[in-house]
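Engineer: Below: one structure in structure tokens.
The values are calculated or read from the model by the stated rules, or taken from the named source; none is laboratory data. Being a predicted model, the structure only gives us computed values, none of them experimental. Here the Cβ positions follow ideal geometry from the backbone for every residue, glycine too, while neighbour counts run over all protein chains shown. Areas reflect the complete protein model, heavy atoms only, side chains present, ligands, DNA and RNA absent. Shrake-Rupley method; radii C 1.70, N 1.55, O 1.52, S 1.80 Å.
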Number of protein chains: 2
Amino acid sequence: MSEIQSLARGLKIMELLAASSDPVSITELAAELGIDKSSASRLVQTLAIYGYAEQDAASRRYRLGPQVVRLSRSLLTRMPLRDAAKPFLRQLVERTGECAHLAILAQDQALYVDQVESAASLRVTTGVGTLAPLHCTALGKCLLAFDNGIASPQALPSFTPRTITDPQALRLHLEQTRRQGYAVDDEEYDFGVRCVAAPVFDYRGKVIGAIGISGPAGRMGLDRLPHFAQVVLDAARELSNRMSFQRA
Amino acid sequence: MSEIQSLARGLKIMELLAASSDPVSITELAAELGIDKSSASRLVQTLAIYGYAEQDAASRRYRLGPQVVRLSRSLLTRMPLRDAAKPFLRQLVERTGECAHLAILAQDQALYVDQVESAASLRVTTGVGTLAPLHCTALGKCLLAFDNGIASPQALPSFTPRTITDPQALRLHLEQTRRQGYAVDDEEYDFGVRCVAAPVFDYRGKVIGAIGISGPAGRMGLDRLPHFAQVVLDAARELSNRMSFQRA
DNA sequence: GCGGATTGTTGTGCATTATACAACGCAGCG
DNA sequence: CGCTGCGTTGTATAATGCACAACAATCCGC
């Protein structure tokens, strides 16, 4: 009995509220969780009391409350990696003209925790807070390839014809990624989007995140990838150096 | 008995984790909430299972988990006001050279939900997710002055010598704010920082947020404030027009 | 404007559940 | 090597949250 039922249910409700773009009714919540309407009502009321949910005055339906933004802020502002990475992300944008991202490992997925946008009108942005699969993004592959403790994902869902879906092929691909020190996503997650990323290590040599750039395949030709990779690698190495001096 | 105890305790734990910059121990959590260590342990374990908390491997202490960032993202990206306001914030930065912000009312405070930074090296940034008091910020005063339903804050804490701490004085000040249609913060919250803000209304004429600019007192001289106010007012009015056509 | 249907909220008894107390394993440290 | 402080794990008890049901409120078509 290591899981508090009502807390778990409350968290699940928040996730349901987050997943749906429109406000959700009590009945829908109850049906989705397989619990009674009255339980769902009281749980979501408790969430509302503390600002984690709020009900639309007109429709009586519930949506996520503003309190979650506060939690998010205090997490992001207290992340030393994020502060340290910011100038390097800016540098990457300056040198490559593409958008730069920082991601960490969260729940066996890549969580984008910061982004610097390029000035190009055609650009590839991935909002802060996005979760992306590990096996088909450059940032994710870095986390996957350089982190020892992480288990390979069991399912390899396909997003484009180029997505690597064979476990053996992925293993070889990650092997190559390790050798060259950086990862490439060649239109494996989004059509027409290529990414290059490199891992960031802490003082113990453990992967704590990855930084990289994303751009349209047109500007990020395969012949230019090695150049981009070098730029990203340089930034990631310098950032890793910085991170060696602070803990966590 | 409309409040589910264990869910409420879990939420309080998240707030404690968010409030503390360093990881928190189980004992501290238990003491802070006035509950037993074992209860705190199981609650925070449940949070950890779902990614809302995570424990530092070395110290066994707990900090906020990455899942909260996801929740925040889905809230912010589904906020029509935020999308609609973005170009106006950019416009404000272009026209004034100062940082522009968008805030909404949350838990009787001003919650900053978006920001566009200026290029100036000396600039006043307020991170997305920040909560600020209503009575001493320009954005907050807008929410306070133009929202009928909201009660005046009971306590008026002072942050600088200029903070308005007398309820009667605040009432008069808000009256003037209503008349002129915009609010001014003249170094009442941060030394050397002045802000100008104007309210945003929806199709029913209800306040749904406020936009404004913040800058160092040096550049935002009192003689220039009327000009800035006009620029902010124009943007807020146009944004309100846009918001009239979509609900919520 | 009105009846029917759907939805959200409010009692209440019961049983599940979360809780407090205590014991245990495990570090760090003198 | 024993001590102390910490986090986790049993366990019994009782408080708590749950399902069922009735109620209130809203929306729908006609």
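Engineer: Looking at A:49, A:18, A:232, which one has the Cα that reaches farthest to the positive end of the dipole of chain A (charges on Cβ: Lys, Arg +1; Asp, Glu -1)?
Structural biologist: A:49
Engineer: Using a label position 7 Å from Cα in the Cα→Cβ direction, what is the ascending list of nm distances from residue A:171 to the same site in the other copies?
Structural biologist: 7.7
Engineer: With a cut-off of 16 Å, note down the residues of region B:180-204 whose backbone N falls inside the zone around a label point 7 Å from the Cα of residue B:108 toward its beta carbon.
Structural biologist: Output list for this probe position: empty.
Engineer: Compute from the Cα atoms of region B:140-202 the Rg and the Dmax, the latter being the longest Cα-Cα distance, and quote both in angstrom.
Structural biologist: Reported Rg and Dmax, both Å: 11.6, 35.
Engineer: I'd like the distance between the alpha-carbon centres of region A:15-59 and region B:107-150, rounded to an integer number of Å.
Structural biologist: A separation of 28 Å, based on Cα centres.
Engineer: Same structure, new question: Quick one: putting +1 on the C-beta of Lys and Arg, -1 on the C-beta of Asp and Glu, what dipole do you get for region A:1-145 around its Cα centre, in Debye to the nearest 20?
Structural biologist: 280
Engineer: Summarise the long-distance tail of P(r) for region A:5-69 by giving the % of C-alpha pairs beyond 14 Å. All intermediate terms of the calculation are to be shown ahead of the outcome.
Structural biologist: Working: 1010 of 2080 pairs.
Roughly 49 percent, once rounded to a whole number.
Engineer: Separate question: As an exercise, take the mean of 1/r over every pair of distinct alpha carbons in region A:160-248, invert it, and state the Kirkwood radius in angstroms. Mind dumping the intermediate values first?
Structural biologist: On the way: mean 1/r = 0.0716 Å⁻¹.
After inverting the pairwise mean of 1/r, the radius is 14.0 Å.
Engineer: What are the equivalent ellipsoid semi-axes of region B:92-132, built from the alpha-carbon gyration tensor (square roots of five times its eigenvalues), in whole angstrom, biggest first?
Structural biologist: So the three semi-axes of region B:92-132 are 22, 10, 6 Å.
Engineer: With every protein chain kept in place and ligands, DNA and RNA left out, what is the accessible area per residue of region B:5-69? Probe 1.4 Å, answer in Å².
Structural biologist: Each residue of region B:5-69 exposes 44 Å² on average to a 1.4 Å probe.
Engineer: Let me know the Rg and Dmax you get for region B:79-147 when you use only its Cα atoms, in Å.
Structural biologist: Rg then Dmax for region B:79-147, in Å: 12.0, 35.
Engineer: Now, a different point. I need the inter-copy label distances for residue A:19: point set 7 Å along Cα to C-beta, values in nm with one decimal, smallest first.
Structural biologist: Copy-to-copy label distances at residue A:19, shortest first: 3.2 nm.
Engineer: Then there's this: Using the Cα atoms as the points, what is the convex hull volume per residue of region B:113-153 in Å³?
Structural biologist: Each residue corresponds to 88 Å³ of Cα convex hull volume.
Engineer: Counting only other chains, and only Cβ atoms inside 10 Å, what mean value do you get across the residues of A:72-85?
Structural biologist: Going residue by residue through A:72-85 and averaging, the value is 5.
Engineer: Here is a follow-up. Within 10 Å of each candidate Cβ there may be at most 11 other Cβ atoms; applying that plus a DSSP loop requirement, which trypsin sites (Lys or Arg not before Pro) in region A:14-83 survive?
Structural biologist: A:60
Engineer: So, one more: With viscosity set to 0.692 mPa s at 37 °C, what whole-number translational diffusion coefficient in µm²/s follows for region B:95-248 from Stokes-Einstein and a Kirkwood radius over Cα pairs?
Structural biologist: In µm²/s, the coefficient rounds to 214.
Engineer: Say each of residue B:48 and residue A:27 gets a label point 7 Å from the Cα, pointing the same way as Cα to Cβ; how far apart are those two points in nm?
Structural biologist: For residue B:48 paired with residue A:27, the spin-label model returns 4.1 nm.
Engineer: Label-to-label distances across copies for residue B:203, with labels 7 Å out along Cα→Cβ, in nm, shortest first?
Structural biologist: Once sorted, the set of distances for residue B:203 reads 5.8 nm.
Engineer: On the accessible surface of region A:5-69, probed at 1.4 Å, how many percent belong to carbon and sulfur atoms?
Structural biologist: Carbon and sulfur: 43 percent of the exposed surface of region A:5-69.
Engineer: For a distance above 20 Å, tell me the whole-number percent of Cα pairs in region B:47-184 that qualify. Don't skip to the answer; put the middle values down first.
Structural biologist: Details: 5596 of 9453 pairs.
Above the 20 Å cut-off, region B:47-184 has 59 percent of its Cα pairs.
Engineer: In whole Hz and in residue order, list the ³J(HN,Hα) couplings for region B:12-26 that follow from phi through the Karplus curve 6.51 cos²θ - 1.76 cosθ + 1.60, θ = phi - 60°; x for Gly and Pro.
Structural biologist: 4, 4, 4, 5, 5, 4, 5, 6, 8, 6, 9, x, 10, 8, 4
Engineer: Under a 10 Å cutoff between Cα atoms, tell me which one of B:38, B:118, B:152 has the largest fluctuation in the Gaussian network model of chain B.
Structural biologist: Top of the fluctuation ranking is B:38.
Engineer: With +1 on the Cβ of every Lys and Arg and -1 on the Cβ of every Asp and Glu, and nothing else charged, how large is the dipole of region B:111-242 about its Cα centre, in debye rounded to the nearest 20?
Structural biologist: On the way: 13 positive and 14 negative charges, 51 e Å.
The calculation lands at about 240 debye.
Engineer: List the residues of region A:29-45 whose accessible area drops by at least 30 Å² when all protein chains are present, compared with their chain alone, using a 1.4 Å probe and counting only protein heavy atoms.
Structural biologist: Buried on complex formation: A:42.
Engineer: Other chains near A:8-19: what is the mean number of their Cβ atoms within 10 Å of each residue's Cβ?
Structural biologist: If you average over the peptide's residues, the count of other-chain Cβ atoms is 5.
Engineer: While we're here: Using a simple charge model, +1 on the beta-carbon of Lys and Arg, -1 on the beta-carbon of Asp and Glu, nothing else, what dipole does chain A show about its Cα centre, in debye to the nearest 20?
Structural biologist: 660
Engineer: I need the GluC sites (Glu not before Pro) found in region A:63-127, filtered to DSSP loop residues with at most 14 other beta carbons within 10 Å of theirs.
Structural biologist: A:117
Engineer: Along the axis that rotates chain A into chain B, which residue of chain A has the nearest beta-carbon, and what is the gap in whole Å?
Structural biologist: A:72, 2
Engineer: For the protein assembly as shown, what does the equivalent ellipsoid look like in terms of its semi-axes, each the square root of 5 times an eigenvalue of the Cα gyration tensor, given largest first in whole Å?
Structural biologist: Over the Cα atoms of the protein assembly as shown, the ellipsoid semi-axes are 38, 30, 22 Å.
Engineer: Let me ask you something else. Using a 10 angstrom cutoff on alpha carbons, build the Gaussian network for chain B and name the most mobile of B:114, B:22, B:166.
Structural biologist: Top of the fluctuation ranking is B:22.
Engineer: Additional query: Among the lysines, which have Cα under 17 Å from the Cα of residue A:37 when same-chain residues fewer than 8 positions away are ignored?
Structural biologist: Leaving aside lysines fewer than 8 places away in the same chain, those within reach of residue A:37 are A:12.
Engineer: Kindly provide the helix-only [θ] at 222 nm of the protein assembly as shown, computed as the sum of -39,500 (n - 2.57) over DSSP H runs of four or more divided by all residues, to the nearest 500 deg cm²/dmol?
Structural biologist: -13500 deg cm²/dmol
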